[in-house]
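The structure under discussion appears below in the form of C-alpha cells.
The values are calculated or read from the model by the stated rules, or taken from the named source; none is laboratory data. What you see is a predicted model, and the numbers here were worked out from it, not measured in a lab. With ideal geometry, Cβ positions are generated from the backbone for all residues, glycine too; neighbour counts draw on all protein chains shown. All accessible areas refer to the heavy atoms of the entire protein, side chains included, with ligands and DNA or RNA removed. Shrake-Rupley method; radii C 1.70, N 1.55, O 1.52, S 1.80 Å.
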Amino acid sequence: MRFGFRFSVYSLLLIATSCAIQVAPTGGDKDIKSPKIEKSSPENFSTNFSGHDINISFNEYITLKDLSTQLVISPPLKHTPDTKVKKKTLSIHLNDTLQQNKTYTMNFGNAITDLHEGNAVEDYQYVFSTGDVIDSLKVSGKVENGLDKKTEKGIYVMLYGNTDDSLPLKMLPDYFGKASDSGAFIIRNVSPGSYRIFALKDDNSNYLFDSRDEAIAFETETVEAGKTGVLLRMFKEKGKQQLLKATCEEPGKATVSYASPLVDSRIKFLSDTSALQLFSILYSEKKDSITFWYRNQLSDSLNFILQRDTARDTISVRLKKTDGKGKAKYIPSLTTQYASQIENGLEVGKPLQLVFNHPVDSFDLKKIKLTEDSVEVKNMKVFFADSLKEILKVDYAWKEKTKYTIDIPPQTFKDIFEIRNDTLQLLFKTKSVADYGTLALKIQLPFSDKQYLVQLMDDKETVYRQSVIHTDTTLNYEYLNPRSYRLKVIEDLNSNGEWDTGNYLKHEQPERVFYYKENLIVRANWDVDVKWNIADSNN
C-alpha cells in the first residue's frame, strides 16, 4: 500500500510537469541605465590643452545619434571635428587651431547612447581650457517670440566680446548655446567681461545673421558674464519691398499686391485711361495693395508706373473680358454676402451687414422693408459704411429671440456696370441675451504717454474685440459668445494700430506685448470682472 501511494504521487507530478507551458527565458529586466564614463584623455576640465585628439571611454558599447544637431561647441569651431566610435570609446579629432587662453565646451546633448537600448548620456559636456584656468561664469535667460511669446527649441544664443554693430552679420560668436523647448538657455564657461548678446534662428547653421528670413533677437545694452534672467524677444525684420502680384480677378476689377505697406506711392498711367472708364483707385487698409475698379469690362490691359520711395515698378495687367467664350465666358451679376452673420442667429447689439461684390452706383434705400414678427417697422437705419458703397448696414434695436425679415425688391441697387439686383429676402432670428456673457476689464497701464491696443482673442489669436486706450480705463465688452478668451495688450509705440517688428541695424526692438496670466472663461448669462495691472505682467 505504501509503494502504491508513492507511485501515484510520482505519476501526478510527472503529468503536471509534462503539461506545463514551455516559456522561453526573458533575459532579465530591460536595461534602462545610460552608459557611464570610465576614462577621458585628456581628462575632462583639463587646462593648458594643446593637442587635437580626445578619447572618452564608457563602460559599455556606444553609438552616436543625431550628432550634427545635438553637438554644440562653444566657442564655435570653423571646421566640424572628426568623430569615430570604436566599441566603448568615442574618439574626437579637432581640425581647428584653437584660441589661446580660451575655455571650450563641447555639449553632446543626447547624442551618446548605448548600442542596443538607446539609453542616452543626457547633456554630457566635455570642457577644456587652452589656458591656466577653466572659466566658470555663465549667462542665462529665456528666448521668446516677440509677437505671441511662444518658444521653440534649437534657437542659438550668442555672446560677443566685441561691440561692433556688424557682429552677427560677419563674425562668429565668442560663446553660444541653444535654447530648450521652453526657450530657456544657459551659456556656460564664460570668461569675465561685458558681451553683446543675440538670439538667432539660424536656418543655414553658419552662426551668422545673413538672411531676412532668419529671426533674431538682441539686447540693446551689453550684459556682464554671470547675468541671469536675460529676456530676448525674437522677430523677423520686414522683408524687402517688392511687387507680389498684379492680377485681374474679374472683368472690371484689377488688384496689385506688395510685400509691405506702400509709403508715398504715386501712379502714372502709361496710356489714356478714358477707354477704361476708371471708376476708383482704392488702397487696402494696410496700404499693401491697390484695387482698380473700371466700368469698361471689354478693356484689354491696364498699364502704369508705380513710384514708391526711390524705386519704381512698371506694371502691366492683362484684363479679363465679359465677351469670352466657353469656360472663359463671364456672366456678371450683383450679389451680396450675409449668411455667416445669421446662420446661428443674428447677434443682438450689432447691425446686419451686407457686402456687395461690386461698388454700387445708384440705389433707393426706401424700398427696403424690415418686419419684426410679421409686423413692419419704420425706425431702422440703412446706410453705406464705405466710400465705394460696397458695405450696406441695417441697424435696428433688435429684440432678443425674435424673427425678422428683410425684403429687398429687384432693382433697388445698380452697380457701376449697370447691373441691378434680383429680389432678395433675408429671414433670420436674433439670439437671446441670455446666450451671451459680458466682460468688464479694469486695466491699469504702466505709462500714460503711449498708445496701447487691447485685444480680446482666442487661443488661435483670432481677435474678437480690439480697443485703443491711452490711460487707465474700464472696458465693457457685451454680447460675448461663450468661450475661452485671452487678453493681450500691444504697446503701440508708433500709434499705427498694429504690432510692429524690430530692426537690428536701426536698433529697433519689436513692440512689447503683454498677456493676462490666465484664460478667461465667459459663460452664457454671466458677468466676468477682471482687474489687470500691465506693469505686473511678465514681459
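Return yes when ASP395 is more than 34 Å from the chain's Cα centre (by Cα) and crowded, with 16+ Cβ neighbours inside 10 Å and no when it is not. Can you show your working first?
Values: more than 34 Å from the chain's Cα centre (by Cα): yes; crowded, with 16+ Cβ neighbours inside 10 Å: no.
Answer is no for this residue.
Grab the strands (runs of 3 or more DSSP E) fully contained in region 106-168, keeping just those with 1 or more residues being acidic (Asp, Glu).
On the way: elements: 112-114, 125-129, 137-145, 156-160.
The qualifying strands (runs of 3 or more DSSP E) are 112-114, 137-145.
Give region 52-71 a look and list any residue that's assigned to a strand (DSSP E or B) and farther than 19 Å from ASP96 by Cα, or say none. Don't jump to the end; show me each part of the working.
So in region 52-71, the residues assigned to a strand (DSSP E or B) come out as 53-58, 62-64.
Listed by number, the residues that qualify are ILE56, SER57, PHE58, ILE62, THR63, LEU64.
Looking at region 377-406, which of its residues are out of contact with any strand residue (DSSP E or B) (no Cβ under 6 Å at 6 or more places or on another chain) and of a type in the set (D, E, K, R)?
LYS378, ASP386, LYS399, LYS401, listed by residue number.
So which strands (runs of 3 or more DSSP E) stay within region 410-491 end to end and still have 3 or more residues that are within 30 Å of SER362 (Cβ to Cβ)? Steps first, please.
Values: elements: 413-415, 424-429, 437-444, 451-457, 463-469, 473-480.
In region 410-491, 413-415, 424-429 are the strands (runs of 3 or more DSSP E) which contain 3 or more residues that are within 30 Å of SER362 (Cβ to Cβ).
Suppose we filter region 468-497 for residues that are of a type in the set (Phe, Trp, Tyr) and under 22 Å from SER537 (Cα atoms); how many remain? Show your work before the answer.
Quick first cut of region 468-497, residues of a type in the set (Phe, Trp, Tyr) only: 477, 479, 485.
Narrowing the set further to residues that are under 22 Å from SER537 (Cα atoms) leaves 477, 485.
The number of residues fulfilling the criteria is 2.
Restricting to strands (runs of 3 or more DSSP E) lying wholly in region 313-375: which have 1 or more residues that are among the β-branched types (Val, Ile, Thr), in contact with a strand residue (DSSP E or B) (Cβ under 6 Å, 6 or more places away or on another chain) and more than 25 Å from SER289 (Cα to Cα)? So that I can check it myself, show each step before the final result.
On the way: elements: 352-356, 360-363, 369-372.
Ranges flagged: 369-372.
If the Cβ limit is 6 Å and pairs must be 6+ apart or interchain, which residue in region 194-219 that is on the phi > 0 side of the Ramachandran plot pairs with which residue that is open to solvent by less than 50 Å² (accessible area, probe 1.4 Å)?
Sorted first by the residue in region 194-219, then by its partner, the pairs are TYR207/PRO76.
Yes or no, residue by residue, for (1) modelled with pLDDT under 90; (2) polar (S, T, N, Q):
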position	(1), (2)
VAL133	no, no
ASP148	no, no
THR151	no, yes
TYR160	no, no
SER166	yes, yes
ASP202	yes, no
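Could you list, ordered by first residue, the pairs with Cβ atoms under 7 Å in which the first is in region 323-343 and at pLDDT 70 or above and the second is among the small types (Gly, Ala, Ser) and in a loop (DSSP other than H, G, I, E, B), at least 6 apart or interchain?
TYR330/GLY324
Taking the residues in region 184-207 that are in a strand (DSSP E or B) and of a type in the set (Ser, Thr, Tyr) as candidates, determine which candidate is surrounded by the fewest Cβ atoms within 10 Å (Cβ to Cβ).
In the first step, residues of region 184-207 are kept if they are in a strand (DSSP E or B); the result is 184-190, 194-200.
Going one step further and asking which of them are of a type in the set (Ser, Thr, Tyr), we end up with 194-195.
Working: SER194: 13, TYR195: 24.
The extreme case among them is SER194.
Of these, LEU487, LEU480, which one is out of contact with any strand residue (DSSP E or B) (no Cβ under 6 Å at 6 or more places or on another chain), surrounded by 16 or more Cβ atoms within 10 Å (Cβ to Cβ) and of a type in the set (A, V, I, L, M, F, W, C)? Even if it seems obvious, please write down each step before you answer.
Working: LEU480 fails: out of contact with any strand residue (DSSP E or B) (no Cβ under 6 Å at 6 or more places or on another chain).
Testing whether each residue is out of contact with any strand residue (DSSP E or B) (no Cβ under 6 Å at 6 or more places or on another chain), surrounded by 16 or more Cβ atoms within 10 Å (Cβ to Cβ) and of a type in the set (A, V, I, L, M, F, W, C) leaves just LEU487.
Among the candidates SER271, SER289, which residue alone is more than 23 Å from ASP422 (Cβ to Cβ) and open to solvent by less than 30 Å² (accessible area, probe 1.4 Å)? First the steps, then the outcome.
Working: SER271 fails: open to solvent by less than 30 Å² (accessible area, probe 1.4 Å).
Only one candidate passes the filter, namely SER289.
Report the residue count in region 169-183 for those that are open to solvent by 50 Å² or more (accessible area, probe 1.4 Å), in a loop (DSSP other than H, G, I, E, B) and in contact (Cβ under 8 Å) with a residue 40 or more places away in the chain.
Residues flagged as open to solvent by 50 Å² or more (accessible area, probe 1.4 Å), in a loop (DSSP other than H, G, I, E, B) and in contact (Cβ under 8 Å) with a residue 40 or more places away in the chain within region 169-183 amount to 2.
Restricted to region 474-510, and to residues that are without any contact (Cβ under 8 Å) to a residue 40 or more places away in the chain and within 18 Å of the chain's Cα centre (by Cα), which residue is nearest to ASP210 (Cα to Cα)?
Our first condition is that a residue be without any contact (Cβ under 8 Å) to a residue 40 or more places away in the chain; within region 474-510, this holds for 474-477, 483-484, 486, 488, 490, 494, 496, 500, 506, 508.
Still in the running and within 18 Å of the chain's Cα centre (by Cα): 486, 488, 490, 500.
Numbers: ARG486: 36, LYS488: 32, ILE490: 29, ASP500: 21 Å.
Among them, the one singled out is ASP500.
Would you be able to say whether some residue in region 254-264 is loosely packed, with under 15 Cβ neighbours inside 10 Å and either free of Cβ contacts under 8 Å to residues at least 12 places away in the same chain or part of a strand (DSSP E or B) (or both)? Steps first, please.
From region 254-264, those loosely packed, with under 15 Cβ neighbours inside 10 Å are 257, 259-260, 263-264; that's our starting set.
Checking which are either free of Cβ contacts under 8 Å to residues at least 12 places away in the same chain or part of a strand (DSSP E or B) (or both) leaves us with 257.
Yes.
Would you please name the residue that is farthest from LEU334 (Cα to Cα), looking only at residues in region 416-442 that are hydroxyl-bearing (Ser, Thr, Tyr) and open to solvent by less than 70 Å² (accessible area, probe 1.4 Å)?
Ranking the qualifying residues of region 416-442, first place goes to THR438.
Taking the residues in region 292-308 that are in a loop (DSSP other than H, G, I, E, B) and not polar (S, T, N, Q) as candidates, determine which candidate is least open to solvent (accessible area, probe 1.4 Å). Reasoning before the result, please.
Start the filter on region 292-308 by keeping residues that are in a loop (DSSP other than H, G, I, E, B), which leaves 295-300.
From the residues that got through so far, the ones that are not polar (S, T, N, Q) too are 295, 298, 300.
Values: ARG295: 72, LEU298: 92, ASP300: 96 Å².
Filtering region 292-308 for residues that are in a loop (DSSP other than H, G, I, E, B) and not polar (S, T, N, Q), the one least open to solvent (accessible area, probe 1.4 Å) comes out as ARG295.
Let me spell it out: the conditions are (1) more than 17 Å from LYS531 (Cα to Cα); (2) loosely packed, with under 15 Cβ neighbours inside 10 Å; (3) modelled with pLDDT of 95 or more; (4) not hydroxyl-bearing (Ser, Thr, Tyr), and GLN451 meets all of them except one. Which number is the exception?
The single condition GLN451 does not satisfy is (2).
Consider GLU347 carefully, then state whether it is loosely packed, with under 14 Cβ neighbours inside 10 Å, within 34 Å of the chain's Cα centre (by Cα), under 30 Å from VAL382 (Cβ atoms) and among the acidic types (Asp, Glu).
For GLU347, the condition - loosely packed, with under 14 Cβ neighbours inside 10 Å, within 34 Å of the chain's Cα centre (by Cα), under 30 Å from VAL382 (Cβ atoms) and among the acidic types (Asp, Glu) - is not met.
For region 223-253, enumerate the residues that are assigned to a loop (DSSP other than H, G, I, E, B), open to solvent by 60 Å² or more (accessible area, probe 1.4 Å) and of a type outside the set (Val, Ile, Thr).
The answer is LYS227, GLY229, LYS236, LYS238, LYS240, GLN242.
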